[in-house]
Amino acid sequence: METKDLYKVLGVDKGASQDEIRHAYRRLARKYHPDANREDPKAEERFKEVQHAYEILSNPQKRREYDEGPRAFFGAGAPPGAGGGRVDANFSDLSDLFGNFGDIFGGAGRGQPQSARGEDVTVSVNLKFKDALEGVTTRIAAPVERVCERCSGTGAAQGTARRMCPECSGRGIRSRDQGFFAFSEPCRRCGGEGTIVEVPCAGCAGNGRLRKNRQVTVKIPAGAKDGMKIRVPGRGSAGRKGGPAGDLYVVTQVAEHPLFERSGDDFLVDVPVSFVEAALGAEIEAPRPGGGTVKLRLPAGTQDGKRFKVRGAGAPRARRNGEPGDLVVRVGVVVPKKLTRREREILEALAEERNEDVREGLLRAAGEAEV
Ligand SMILES: [Zn+2]
Ligand SMILES: [Zn+2]
């Protein structure tokens, strides 16, 4: 870092005035500040370079030494960062800088109350099969953080107030040594707020918020699926220091039906048919998930496991204003376990009439298959 031209780091001329240097520094520090560049690990390095350049060039004495040559500045033979040329951050300028950051980053400045949005909270709701299908309005208890009424969220006991953090003198930031220069980070004592609670509120133990169950009325749309996420805006945890509340997410857990298997907006139901119905064709009735039945025409020669789609007899589309889903009827051919004598005679006559070998093709294919 020390090999870089400090003027170039700040993008100013060698003859730049203190005002120009200060202006360039503030612009670049904002641009490369780690808080604004969380995705870019190089930004912190640039930020440190800029900070370092400003520390030297903003100090007339150090700037003169730097202009005279790096050797003169660092001291003969002392490698950079080895303690020979330690420079401390110019705190008055840094705090000024962070004060301005408050305007940019939503009040996250020194000694300013840090408002923060409340957390999103997710709760699950158990639904009966029928309620999910038809839609229902239900009340649920959501465990959310709420502002403590006793201290109005300050966390300080009644009759007391928060006081300035002694660790950071209310600035909310602390400097951390990093070899050659000092770097700033949020104060750990006060969490960057700049104030601390001296006598904690008995209601919330100084937290300012309390976990409580909030009764929320939620409208479950007709056709709600299992695992559906319903957002209730602003009903999550309360914000801090006047920040907005988070959202509540209600996740549906729909009870299974013993007969209907759901797939998307469609339902599948197994319907038995006799082998005679399958062979001759028939009109059959199938149950609907919402109650009642639906009729459908089975063609002659229907095979076992064949599926028939009954349009619109599935679930209402919960999300879109579209057509409801379908009901898929899967037929299962039932073979009689016992036959009367007469039935046996009829079937034997049928076998004679058909005189067929249904496995013929299979056995031939097995013989010819090259495996
Ligand atoms: Zn502090
Ligand atoms: Zn309290």
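Values in this text are rule-based calculations from the coordinates and carry no lab data. Everything numeric here is computed off the predicted structure, so don't read it as measured data. We place every Cβ from the backbone using ideal geometry, glycine too, and count neighbours over all the protein chains shown.
Protection proxy ranking for 356-362, 121-127, using the average of other Cβ atoms within 10 Å per residue and placing the highest first: 121-127, 356-362.
The HN-Hα couplings worked out from phi for region 45-50 by the Karplus form 6.51 cos²θ - 1.76 cosθ + 1.60 (θ = phi - 60°) are 5, 5, 4, 5, 4, 4 Hz, whole numbers, x standing for Gly and Pro.
When the square roots of the Cα gyration tensor eigenvalues are ordered a ≥ b ≥ c, the ratio a/c for region 302-369 is 1.5 or more and a/b does not exceed b/c, which makes its shape oblate. By the rule of a C-alpha distance below 17 Å, with chain neighbours fewer than 8 residues away ignored, the lysines paired with Lys295 are Lys306, Lys309. Amide H to amide H distances under 5 Å link Lys306 with Val331, where only residues 5 or more positions off or on other chains count and H is placed in the peptide plane. So, in nm, how far is label Arg354 from label Ser263 when the simple model puts each one 7 Å beyond its Cα toward the Cβ? About 2.8 nm, to one decimal.
Under 5 Å between amide hydrogens, built in the peptide plane, is the criterion, and for Val125 it picks out Val251, Thr252, Gln253 among residues at least 5 positions away or on other chains.
The residues packed around Lys337, meaning those with a beta-carbon under 14 Å from its beta-carbon, carry a net charge of +1 if Lys and Arg are +1 and Asp and Glu are -1. Scanning residues 5 or more positions from Leu248 or on other chains, those with amide H under 5 Å from its amide H are Val121, Val232, Gly234, Arg235, Gly236, with H placed 1.01 Å from N in the peptide plane. Charge tally for Gly291 (other residues, Cβ to Cβ under 14 Å; Lys, Arg +1; Asp, Glu -1): 0.
Couplings 3J(HN,Hα) for region 121-137, derived from phi with the Karplus relation 6.51 cos²θ - 1.76 cosθ + 1.60 (θ = phi - 60°), are 10, 10, 10, 9, 10, 8, 10, 5, 3, 5, 5, 5, 6, 8, x, 7, 9 Hz, where x marks Gly and Pro. Karplus-derived 3J(HN,Hα) values for region 274-283, using 6.51 cos²θ - 1.76 cosθ + 1.60 with θ = phi - 60°, are 6, 5, 6, 4, 4, 6, 8, x, 6, 9 Hz; glycine and proline are entered as x. For region 243-295, the equivalent ellipsoid built from the Cα gyration tensor has semi-axes of 41, 10, 9 Å, listed from largest to smallest.
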